[in-house]
Amino acid sequence: MYNNTSHQEHDLDRLHRHMLQTRLALLVSQGDQGLLATHLPVLVEAGEGEFGTVYAHLARANRQWQDLEQGGEALLVFPGADAYVSPSYYPSKADNPKVVPTWNYLAVHAYGPVEVIHNAQSLLDIVTRLTERHEQLRDEPWKVSDAPSDYLDGMLRAIVGIRLSISRLQGARKLSQNRSAHDIAGVRKGLSASNDHLDNQLAAHMRDL
């Protein structure tokens with residue numbers, strides 16, 4: 001992805017935290033069927049491999065896995081907080097009106113080869129770990145083992161797993177770093193005062209600058 005030098009994020013721990021906090025990623029691949037993309041929940045194993053490993057599953061009816069099985073590189077996009085930045089947030093505008101709107105955002109792109117998984121026990125492990133991740137805060141977490149075994153077997157036959165070994169990571173952390181400290185404070189104040197909770201989320205990330 002295009003990423004201005006001042007907005008590049010190289011801290012591996014911060015990149016992994018972003019990925020772990022992302023609930024739904026976007027898997028993109030190019031193959032015989034053309035350019036394909038699937039939104040899917042993922043499991044990130046930050047300590048597995050040099051840059052980490054990502055597990056997920058696709059519906060067997062989703063033919064993207066057939067292209068992935070042919071080899072080549074795939075891309076997982078991990079979106080983050082984002083917000084429109086109005087020129088009115090910049091205190092410097094009073095002295096210099098040469099300003100335009102922009103968009104601040106966080107994102108991580110993970111690239112690597114993909115292994116397609118058909119083994120039922122491995123699929124069960126992926127599904128179980130994904131379920132446990134998203135059920136863990138519930139008072140009475142639902143467990144995969146709560147489903148009838150014959151029904152679960154049928155569901156597992158309807159999916160394929162994927163394992164993406166990350167070979168490179170790109171992080172974008174565009175938080176008005178190209179502006180003065182005074183203007184950055186103005187953007188943070190403007191987004192914090194917004195009625196949009198997504199703006200508030202982005203403002204919270206700007207406190208780390």
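Lysine pairs in the chain whose alpha-carbon atoms fall under 23 angstrom of each other, counting only those eight or more residues apart or on distinct chains, come to 5. Which of Gly72, Gly154, Gly49 moves the most in a Gaussian network model of the chain with Cα springs under 10 Å? Result: Gly154 has the largest fluctuation of those listed. All distinct Cα pairs of the stretch 107-209 go into the 1/r average, and the inverse of that average, the Kirkwood radius, is 17.9 Å. Here the stretch 35-143 is described by how far its Cα atoms reach on the three principal axes: 65, 42, 30 Å, from widest to narrowest. Geometric descriptor of the stretch 147-186, per residue, is 157 Å³ (volume of the convex hull of the Cα atoms). Structure remark: mean-square fluctuation, Gaussian network model of the chain, C-alpha springs under 10 Å; the largest value among Pro113, Pro97, Pro41 belongs to Pro97. The relative contact order of the chain comes to 28 percent, based on Cα pairs under 8 Å that sit 6 or more residues apart. Applying the Kirkwood pairwise sum to the alpha-carbon positions of the chain produces a hydrodynamic radius of 19.3 angstrom. Of the residues Ile162, Pro87, His18, the one whose Cα sits farthest towards the positive end of the charge dipole of the chain is Pro87 (charges of +1 on Lys and Arg Cβ, -1 on Asp and Glu Cβ, taken about the Cα centre). Put simply, the Cα atoms of the stretch 1-55 extend 35, 28, 21 Å along their principal axes, the longest span coming first. Here the chain has 51 percent of its accessible surface on carbon and sulfur atoms, given a 1.4 Å probe and all protein chains in place. Solvent-accessible surface of the chain, averaged per residue with a 1.4 angstrom probe and all protein chains in place: 57 square angstrom.
Per residue of the chain, the DSSP helices (runs of n ≥ 4 H) give a summed -39500 (n - 2.57) that works out to -9000 deg cm²/dmol at 222 nm.
The values are calculated or read from the model by the stated rules, or taken from the named source; none is laboratory data. On a predicted model such as this, the values are computed, not experimentally measured, just so you know. Every residue, glycine as well, gets a Cβ built from its backbone with ideal geometry; the counts of neighbours run over all protein chains shown. SASA here: full protein model, heavy atoms, side chains in, ligands and nucleic acids out. Shrake-Rupley method; radii C 1.70, N 1.55, O 1.52, S 1.80 Å.
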